[in-house]
Amino acid sequence: MYALRPSYFGDIPAMRHHLHSERLVSASAERTFAVLAAGEGQRDWAEGYRATTWYGTAPHDAATVRDIHLRWITVRERFLAWEPGVRFAFSTDAMSIPLAHRMIEDITFEPVGADRCKLIWQVHLDPAAALRPIESRLVRTVFQPMFESFAAGLARYASANPT
């Protein structure tokens, strides 16, 4: 794995790219968080998802580390926030393909009544220096569609499985 620069919330304003996706989910914030945190149905809602390797035992919290294995890349994530029903955020600290220099995903859940929520999936990143000549195209054609798809898939799955 290629090491990335470990990132923290205070690093977000200095990152060059900020992606934002919002979805209304017909499931509570707590349920939507639980689906994401447990990886429930993830093969159905996250294109290319293969497996998750957790380091440490449950219950998970901030500072927990996991590897997410997709069909084309593996990423190591260190949690910055683990707030059930509220916030699920992590720094990507390593990748099997060196696409980024640093990266944070910050996923929040805003209740909209008792049985619905707004899912807000934000990605903040600096692509790897070697990719600078094509970074805008890389963000537009790889990162943005991938994270839009993940947000849409999670919203669709949680809405179809609200309990």
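The values are calculated or read from the model by the stated rules, or taken from the named source; none is laboratory data. Note that this is a predicted model, so its numbers are computed, not measured. Ideal geometry is used to build each Cβ from the backbone, glycine not excepted, and the neighbour counts take in all protein chains shown. These accessible areas exclude ligands, DNA and RNA; they are computed on the full protein's heavy atoms, side chains included. Shrake-Rupley method; radii C 1.70, N 1.55, O 1.52, S 1.80 Å.
A few remarks follow.
- Considering residues of region 56-71 that are in contact (Cβ under 8 Å) with a residue 12 or more places away in the chain, of a type outside the set (A, V, I, L, M, F, W, C) and open to solvent by 30 Å² or more (accessible area, probe 1.4 Å) only, the residue nearest to GLU110 (Cα to Cα): ASP61
- Residues in region 31-55 that are touching a residue at least 60 places away in the same chain (Cβ under 8 Å), exposed (fewer than 15 other Cβ atoms within 10 Å of the Cβ) and more than 14 Å from the chain's Cα centre (by Cα): ASP44 alone.
- Which listed residue, of LEU19, LEU24, LEU4, is closer than 22 Å to PRO145 by Cβ, of a type in the set (A, V, I, L, M) and open to solvent by 30 Å² or more (accessible area, probe 1.4 Å): LEU24
- Output for region 79-112, where each listed residue is under 20 Å from ARG16 (Cα atoms), open to solvent by 50 Å² or more (accessible area, probe 1.4 Å) and either out of contact with any helix residue (DSSP H, G or I) (no Cβ under 7 Å at 6 or more places or on another chain) or aromatic (Phe, Trp, Tyr) (or both): ILE97, PRO98
- Selection from region 113-133 of residues that are closer than 14 Å to PRO98 by Cα and exposed (fewer than 12 other Cβ atoms within 10 Å of the Cβ): ALA129, ALA130
- Odd one out for THR141 among (1) part of a helix (DSSP H, G or I); (2) within 19 Å of ALA29 (Cα to Cα); (3) open to solvent by 60 Å² or more (accessible area, probe 1.4 Å); (4) polar (S, T, N, Q): (2)
- Filtered residues of region 72-113 (kept if under 24 Å from ARG140 (Cβ atoms) and either part of a loop (DSSP other than H, G, I, E, B) or without any contact (Cβ under 8 Å) to a residue 60 or more places away in the chain (or both)): TRP72, ILE73, VAL75, GLU77, PHE90, SER96, ILE97, PRO98, LEU99, GLU105, THR108
- The number of residues in region 124-145 being aliphatic (A, V, I, L, M), at pLDDT below 95 and touching a strand residue (DSSP E or B) at 6+ places or on another chain (Cβ under 9 Å) comes to 6.
- The set of residues in region 27-48 that are in contact with a strand residue (DSSP E or B) (Cβ under 9 Å, 6 or more places away or on another chain) and farther than 19 Å from ALA89 by Cα comprises ALA27, ARG43, GLU47, GLY48.
- Index of the failed condition, PRO133 passing every other in (1) part of a helix (DSSP H, G or I); (2) within 16 Å of the chain's Cα centre (by Cα): (2)
- Where a residue in region 114-125 is basic (Lys, Arg) and its partner, wherever it lies, is assigned to a strand (DSSP E or B) and surrounded by fewer than 22 Cβ atoms within 10 Å (Cβ to Cβ), with Cβ under 9 Å and at least six apart: ARG116/LEU24; LYS118/GLU22; LYS118/ARG23; LYS118/LEU24; LYS118/THR108; LYS118/GLU110; LYS118/PRO111
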